[in-house]
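Accompanying notes for the structure given below.
Any read-out appearing in this document is the output of simple, stated calculations on the displayed coordinates, not a laboratory observation. No experiment lies behind these values; they were computed from the predicted model shown.
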């Protein structure tokens with residue numbers, strides 16, 4: 001299939017597909033007129049890339065998932081390298097959740113103090 005059809009079927013742009021190809025994530029053959037031609041399997045690769053990006057993965061984290069698909073697996077997350085990336089990403093998310101939880105408690109405490117001090121007479125400029 002040509003790049004326009006792949007873009008349409010995958011819900012992305014030709015520009016993005018070219019970028020994925022430059023990053024080594026997509027494979028295209030060149031016809032004699034220079035047009036890119038993609039195998040049907042590349043549609044699944046683009047879908048995997050887009051799903052991973054939507055889940056917060058960066059392009060540099062995606063190659064193991066693509067390699068897993070290219071190895072003939074129905075899913076890109078069943079290979080050991082993909083599982084390792086998933087574990088790292090989960091650890092990152094857990095760390096962020098811990099930081100956000102701490103921040104939430106700090107904000108809750110600050111808000112409580114602010115509300116309590118509001119009940120005292122307001123000084124100049126206070127609404």
Pulled fully out, how much extra length does the chain show between residue 55 and residue 89, if you take 0.36 nm times their separation in residues and subtract their Cα-Cα distance? 11.2 nm
222 nm mean residue ellipticity, helices alone, for the chain (DSSP H n ≥ 4; -39,500 (n - 2.57); rounded to 500): -20500 deg cm²/dmol
Quarter of the Cα convex hull surface for the chain, i.e. its orientation-mean projected area (nm²): 12.8
The ratio Rg/Rh over the Cα atoms of the stretch 52-105, Rh being the Kirkwood inverse mean 1/r radius, stands at 1.12
Whole-angstrom gap from the stretch 74-119 to the stretch 1-31, using each part's C-alpha centre: 34
